[in-house]
Amino acid sequence: MTKTKRYLFPVPGCLVIMLSLLSSVAQSQEKDPSQQEQAAEKALSAQDLLDKAFELKLAARSGQDFAKVVQLCDQALKKGLDKENGKFAEQLLTSTIYQYVSGICKPILGDRPDPSWRQRRAVAMPLLTKLLAVDESHGDALILTARLQILPGGDTKQATQLLDRAIVVVKEDDKKLSEAVFLRASLEQDPARKLAQLDRAIKLDAANTDAWQARALFQLRKGKFEQAAQDLEKLLEKEDDNYLAILALAEAMANLKKPDKALELAGRAIKLNPEVPQAYELRARIHVLNNEMKQALADVNESIRLQPGSVTSLLLRARLLQAQEKLGEALKDVETALKIRPGMTSALFLKSTIHEGQRDFVRAADSMQEIVKRDPENEQAQLMLGMYYSMASRVKKALDQFDQILEKNDANTAAFYWRADTRLNVGDHKGARQDYENVLERSPQHEATLNNLAWLLATSPENELRDGKRAVKLAVQAGELSKYKKPHILSTMAAAYAESGDYSKAVEWSTKAVKMGREDLQGQLEAELKSYQEKKPWREKKELPEEKNSKASKAR
């Protein structure tokens with residue numbers, strides 16, 4: 001296949017040529033260096049000027065040559081030509097401009113645009129404007145101008161209008177129409193229309209790899225991984241070295257629970273281009289799916305080495321370090337990410353959970369408060385803020401937070417649960433009971449609520465609130481759900497049996513709780529067992545926010 005010969009020049013030279021061309025078209029007052037040549041041209045007829053332009057076009061080798069062809073055509077048109085020759089002059093003028101401009105623009109419209117794309121666009125746009133002023137239905141010029149407007153800093157509204165015109169103009173040429181429809185899809189905001197346009201572009205020209213890739217990436221973002229994989233596999237049949245398509249297919253395979261294939265593809269992309277940080281980050285994520293944390297950390301470290309400011313890689317490494325309980329190192333990565341992207345919600349969420357792991361609930365609440373300030377409608381953040389306030393013994397703030405959530409959404413069982421938990425920890429047993437009841441109305445199998453309400457009904461010093469029979473029923477439900485493997489639930493069962501008067505069962509379950517319980521809970525569990533051995537029920541009521549070792553805390 002022969003390649004079209006192109007004449008490219010350094011951008012500063014292009015600027016000079018552009019000014020020369022535009023000044024000649026605008027009949028600049030500046031004098032041509034060759035006064036004799038200029039005088040001779042003025043004496044030529046319109047037809048002679050056109051003939052000279054045509055001859056020069058055949059031999060044109062430089063930007064100056066192209067500029068001269070345009071100047072001669074413009075002079076011929078101004079002097080007046082018959083209809084047929086006038087049309088030919090316009091075609092010669094527009095084809096010359098387009099040939100020159102397309103050569104300038106080609107390096108900036110590929111997968112890896114030339115760094116000089118801003119200067120090249122600045123050169124090309126006035127020339128294309130001139131071309132379209134002469135021939136507003138020049139399909140190639142409409143499409144090229146739209147492409148330049150789609151680049152950063154361009155006018156996407158004008159690009160849309162140009163493409164809408166181009167789609168009409170090139171409707172008989174499937175290949176050009178496919179390109180125009182594909183570009184129009186890139187500007188479409190409505191997902192259904194975007195997909196329909198990409199489908200049409202591919203149907204018009206099955207060789208339009210840009211459209212195949214765009215549709216695959218669209219399907220990938222929409223979670224349609226099977227469809228994305230099919231498109232990407234077809235694309236790679238045409239372009240087996242398209243590393244972006246390889247990476248996208250790796251991501252699709254990972255989401256289709258095919259990690260081995262995903263790892264193979266990610267490795268293939270890295271082999272093709274070992275300097276692309278996104279490839280290492282993707283492979284790190286696939287390693288996480290395989291629970292290969294050491295390999296994941298190695299890949300994300302390489303991603304950060306290649307691109308130190310990658311927020312997504314920093315946050316991924318922070319999560320990996322958090323999982324290894326290297327909370328200080330994880331926090332450093334999150335802080336670095338927040339310096340790059342201040343106020344980033346996912347980073348603030350992660351920062352809160354790291355502080356939670358450090359048992360620093362005050363700082364955890366402070367980070368979550370930033371999210372709530374930025375997004376007051378984020379109910380999940382509001383709930384977590386209330387939870388952190390509760391764990392930090394900021395009881396009033398915690399209760400106020402849960403109240404606000406429930407005023408807007410009384411179906412939020414988590415807010416009811418946490419408000420009940422907070423009330424229980426500060427001795428408001430009546431309020432806690434009502435909130436727990438609200439949770440069970442909406443979620444009858446909520447294990448923690450079954451346990452905590454049973455504990456309250458069995459151990460509250462408030463006689464009117466205790467109900468041993470119901471406490472046993474709820475505690476046994478919680479035991480069944482937990483398969484009797486959680487010591488704090490066994491402790492609750494013991495307390496419920498004691499309240500109902502069955503001290504033999506109370507001692508049985510309390511003994512099991514002591515055997516299974518954590519070392520830091522042994523003191524309370526042994527005290528409970530001793531009470532049941534003495535045939536005394538257990539009573540508990542927390543009065544101060546600072547006293548947080550309640551049964552509710554153990555349930556969490």
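Tell me, please, whether a residue that is of a type in the set (A, V, I, L, M), in contact with a Cys (Cβ under 6 Å, 6 or more places away or on another chain) and either outside any helix (DSSP H, G or I) or modelled with pLDDT of 75 or more (or both) can be found in the stretch 25-44.
No, the stretch 25-44 contains no residue that is of a type in the set (A, V, I, L, M), in contact with a Cys (Cβ under 6 Å, 6 or more places away or on another chain) and either outside any helix (DSSP H, G or I) or modelled with pLDDT of 75 or more (or both).
Can you find a residue in the stretch 82-103 that is without any contact (Cβ under 8 Å) to a residue 60 or more places away in the chain, surrounded by fewer than 17 Cβ atoms within 10 Å (Cβ to Cβ), not acidic (Asp, Glu) and not in a helix (DSSP H, G or I)?
No.
Can you confirm whether residue 399 is modelled with pLDDT of 95 or more and either crowded, with 24+ Cβ neighbours inside 10 Å or under 31 Å from the mean Cα position of the chain (by Cα) (or both)?
In short, no.
Can you tell me which residue is surrounded by the fewest Cβ atoms within 10 Å (Cβ to Cβ) among those in the stretch 433-477 that are under 40 Å from the mean Cα position of the chain (by Cα) and among the small types (Gly, Ala, Ser)?
Checked the stretch 433-477; the qualifying residue surrounded by the fewest Cβ atoms within 10 Å (Cβ to Cβ) is 443.
Mind telling me which of the residues 146, 133 ends up being more than 34 Å from the chain's Cα centre (by Cα) and of a type in the set (Gly, Ala, Ser)?
None of the other options fit; the residue is 133.
Checking residue 538 against (1) modelled with pLDDT of 95 or more; (2) in a helix (DSSP H, G or I); (3) buried (at least 17 other Cβ atoms within 10 Å of the Cβ), only one condition comes out false. Which one?
Answer for residue 538: the failing condition is (2).
Listed residues 124, 196, 206; which is among the aliphatic types (A, V, I, L, M) and either farther than 30 Å from residue 262 by Cα or surrounded by 15 or more Cβ atoms within 10 Å (Cβ to Cβ) (or both)?
Sole residue among the options that is among the aliphatic types (A, V, I, L, M) and either farther than 30 Å from residue 262 by Cα or surrounded by 15 or more Cβ atoms within 10 Å (Cβ to Cβ) (or both): 124.
Go through the stretch 104-118 and give me each residue that's buried (at least 18 other Cβ atoms within 10 Å of the Cβ) and among the aliphatic types (A, V, I, L, M).
Once the filter is applied, which keeps residues that are buried (at least 18 other Cβ atoms within 10 Å of the Cβ) and among the aliphatic types (A, V, I, L, M), the stretch 104-118 yields 104, 108.
Within the stretch 356-369, can you find the residues that are assigned to a helix (DSSP H, G or I) and either aromatic (Phe, Trp, Tyr) or surrounded by fewer than 23 Cβ atoms within 10 Å (Cβ to Cβ) (or both)?
Listed by number, the residues that qualify are 356, 357, 361, 362, 363, 366, 369.
Restricting the first residue to the stretch 293-304 and requiring it to be at pLDDT below 95, which pairs with a second residue that is of a type in the set (Gly, Ala, Ser) meet a Cβ separation below 6 Å and a spacing of at least six or different chains?
Pairs found: none.
Name the residues in the stretch 183-202 that are part of a helix (DSSP H, G or I) and either without any contact (Cβ under 8 Å) to a residue 12 or more places away in the chain or among the hydroxyl-bearing types (Ser, Thr, Tyr) (or both), would you?
186, 192, 193, 196
I'd like to check which helices (runs of 4 or more DSSP H) are fully inside the stretch 444-522 and have at least 1 residues that are among the hydrophobic types (A, V, I, L, M, F, W, C) and over 23 Å from residue 417 (Cβ atoms).
Of the helices (runs of 4 or more DSSP H) lying wholly inside the stretch 444-522, those with at least 1 residues that are among the hydrophobic types (A, V, I, L, M, F, W, C) and over 23 Å from residue 417 (Cβ atoms) span 487-499, 503-516.
Taking the stretch 134-166 as the search range and keeping residues that are of a type in the set (Gly, Ala, Ser) and not in a loop (DSSP other than H, G, I, E, B), which one is farthest from residue 75 (Cα to Cα)?
Taking the candidates together, the pick is 159.
Quick one: residue 180 ticks every box in (1) more than 21 Å from residue 144 (Cα to Cα); (2) in a helix (DSSP H, G or I); (3) of a type outside the set (S, T, N, Q) bar one, so which box is it?
For residue 180, the exception is condition (1).
Residues checked against (1) of a type in the set (Lys, Arg); (2) in contact (Cβ under 8 Å) with a residue 12 or more places away in the chain; (3) under 25 Å from residue 465 (Cβ atoms); (4) part of a helix (DSSP H, G or I):
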position: 371; (1), (2), (3), (4): no, yes, no, yes
position: 383; (1), (2), (3), (4): no, yes, no, yes
position: 393; (1), (2), (3), (4): no, yes, yes, no
position: 398; (1), (2), (3), (4): no, yes, yes, yes
position: 419; (1), (2), (3), (4): yes, yes, yes, yes
position: 435; (1), (2), (3), (4): no, yes, yes, yes
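The values are calculated or read from the model by the stated rules, or taken from the named source; none is laboratory data. None of the values given here were measured: they were computed from a predicted structure. All Cβ positions, glycine included, derive from the backbone under ideal geometry; neighbour counts span all protein chains shown.
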